[in-house]
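Each remark here refers to the structure printed beneath this line.
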Amino acid sequence: MTIDSAIEAFIQYISTERRLSALTVEEYKGGLRLFATFMKEHRIVDIEDISHLEIREWQVHLSDVGISARSIKTKLVIIRSFFKFLRRQGWVKVDVMAKIVTPKTPKHLPVFFTEKETAKIYDDNYFDDSFEGFRDKLLLRLLYETGMRRAEVLGLKESSIDFSAKSVKVLGKRDKERIIPLEKEILHTIKCYFSLKSENGLTSEAFFVRTDGKPFTQYDVRKIVLKYMGQFSNADRISPHVFRHSFATHLLNEGADISAIKELLGHSDLTATEVYTHVSRQHLKETYKHTHPREIKKDN
């Protein structure tokens with residue numbers, strides 16, 4: 001079987017059977033495309049001809065061209081999943097990934113916006129008095145107040161909002177639904193936004209739309225976050241996902257129960273949520289260092 005045919009079958013599998021998100025499927029496609037290109041350049045076109053030696057060569061090649069250890073690790077996860085699928089189908093017999101060592105990557109704590117920085121998204125002076133300005137402001141506030149993933153925001157419909165229950169229904173990874181409560185002020189803002197959509201002749205059921213009525217893409221969300229948070233924040237990284245980190249970190253700093261945060265984020269395992277406890281501890285250390293009288297005297 002050719003590499004291209006195997007990849008096509010695998011992408012079909014993760015899209016329809018595993019039902020991975022569109023963003024994840026695109027990431028898998030990109031990694032497999034790089035892998036296939038490298039193999040073809042080395043005159044390997046059939047999956048049966050790939051051994052652990054070729055995969056090691058590809059891994060070294062990625063490092064040589066400047067791909068980070070973290071990115072290489074992600075790509076190896078994709079290839080490992082790909083070959084696991086091929087073995088289940090009986091298209092390859094040997095586990096070629098068994099001898100592949102995943103590079104170690106330094107553990108980084110999640111980046112988050114400070115409360116002072118996020119406060120600026122509630123200042124109307126930073127937003128244009130137009131449909132776009134109102135929409136952008138709502139997008140930022142919804143990201144921060146719900147901790148939704150970018151893909152989840154893109155999946156929202158007008159019908160996702162339950163005004164009577166004061167909540168939003170979110171479709172998460174693997175089509176897992178969860179309900180996130182919404183406070184009174186943002187519900188009022190959402191009602192105003194829906195009215196503005198209607199007044200501008202934007203009849204799409206999609207929650208967030210462009211001025212031409214087309215639903216938002218992942219690029220639109222990222223562009224808006226960079227536009228505003230690039231002005232407001234000094235964070236090392238600025239992206240829609242940083243709002244998710246900020247949501248969890250700020251809740252934890254205010255004493256929220258970690259199990260409740262887990263449910264709000266839609267994590268299937270508490271381990272994924274516990275990383276924010278490390279962020280919170282670091283926050284406490286920094287607060288102590290910069291505010292306790294004894295520590296201030298030491299610095300002076």
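The values are calculated or read from the model by the stated rules, or taken from the named source; none is laboratory data. A quick note: this is a predicted structure, and the numbers were derived from the prediction, not measured. Cβ: placed from backbone, ideal geometry, glycine included. Neighbour counts: every protein chain shown.
Conditions tested, residue by residue: (1) closer than 18 Å to ALA119 by Cα; (2) crowded, with 17+ Cβ neighbours inside 10 Å; (3) not assigned by TED's automatic domain parsing to the domain that holds ASP123.
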| position | (1), (2), (3) |
| --- | --- |
| ARG149 | no, yes, no |
| SER159 | no, no, no |
| ALA165 | no, no, no |
| GLY230 | yes, no, no |
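When you look at LYS116, is it exposed (fewer than 14 other Cβ atoms within 10 Å of the Cβ) and either part of a helix (DSSP H, G or I) or out of contact with any Cys (no Cβ under 9 Å at 6 or more places or on another chain) (or both), yes or no?
yes
Test TYR219 against the stated conditions and say whether it is assigned to a helix (DSSP H, G or I), outside the structural domain of TYR13 (by TED's automatic domain parsing) and under 20 Å from the mean Cα position of the chain (by Cα).
Judged against the criteria, TYR219 is a match.
Find the residue count for segment 210-233, including only residues that are touching a residue at least 40 places away in the same chain (Cβ under 8 Å) and either among the β-branched types (Val, Ile, Thr) or over 23 Å from VAL168 (Cα atoms) (or both).
Result for segment 210-233: 11.
Among the candidates ILE121, ILE78, ILE55, ILE72, which residue alone is in a helix (DSSP H, G or I), in contact (Cβ under 8 Å) with a residue 24 or more places away in the chain, crowded, with 16+ Cβ neighbours inside 10 Å and in contact with a Pro (Cβ under 8 Å, 6 or more places away or on another chain)?
One residue alone meets the criteria, ILE72.
Please give the number of the condition ALA119 fails out of (1) touching a Leu at 6+ places or on another chain (Cβ under 8 Å); (2) assigned by TED's automatic domain parsing to the domain that holds VAL209.
Every condition holds for ALA119 apart from (1).
In segment 81-109, which residues are in contact with a Lys or Arg (Cβ under 9 Å, 6 or more places away or on another chain) and assigned to a helix (DSSP H, G or I)?
If the condition is that a residue be in contact with a Lys or Arg (Cβ under 9 Å, 6 or more places away or on another chain) and assigned to a helix (DSSP H, G or I), then ARG87 is the only one that fits.
Hey, ALA260 hits all of (1) of a type in the set (A, V, I, L, M); (2) over 20 Å from LEU171 (Cα atoms); (3) at pLDDT below 95 but one; which does it fall short on?
(2)
Restricting attention to segment 170-208, report how many residues are touching a Leu at 6+ places or on another chain (Cβ under 9 Å), not hydroxyl-bearing (Ser, Thr, Tyr) and not in a loop (DSSP other than H, G, I, E, B).
13
Take the residues in segment 14-29 that are farther than 17 Å from PHE85 by Cα and touching a Lys or Arg at 6+ places or on another chain (Cβ under 9 Å); name whichever of them is surrounded by the fewest Cβ atoms within 10 Å (Cβ to Cβ).
LEU23
For LEU142, work out the one condition from (1) closer than 20 Å to LEU226 by Cβ; (2) among the hydrophobic types (A, V, I, L, M, F, W, C); (3) assigned by TED's automatic domain parsing to the domain that holds GLN12 it doesn't fulfil.
(3)
When segment 169-204 is examined, which residues are found to be within 25 Å of the chain's Cα centre (by Cα) and hydrophobic (A, V, I, L, M, F, W, C)?
Those that are within 25 Å of the chain's Cα centre (by Cα) and hydrophobic (A, V, I, L, M, F, W, C): VAL170, LEU171, ILE179, ILE180, LEU182, ILE186, LEU187, ILE190.
Considering only residues that are farther than 18 Å from PRO240 by Cβ and basic (Lys, Arg), look in segment 96-141 and name the one that is farthest from the chain's Cα centre (by Cα).
Top of the filtered list is LYS99.
Considering only segment 44-74, state which residues are over 29 Å from GLY90 (Cα atoms), under 27 Å from the mean Cα position of the chain (by Cα) and of a type outside the set (Gly, Ala, Ser).
Answer for segment 44-74, where residues must be over 29 Å from GLY90 (Cα atoms), under 27 Å from the mean Cα position of the chain (by Cα) and of a type outside the set (Gly, Ala, Ser): VAL65, ILE67, ARG70.
Can you list residue pairs whose Cβ atoms sit under 6 Å apart, with the first residue in segment 22-38 being within 15 Å of ILE72 (Cα to Cα) and outside the structural domain of SER71 (by TED's automatic domain parsing) and the second being among the acidic types (Asp, Glu) and part of a helix (DSSP H, G or I)? Count only pairs 6 or more apart in sequence or on different chains.
Here the result reads none, with nothing in segment 22-38 linked to a residue that is among the acidic types (Asp, Glu) and part of a helix (DSSP H, G or I).
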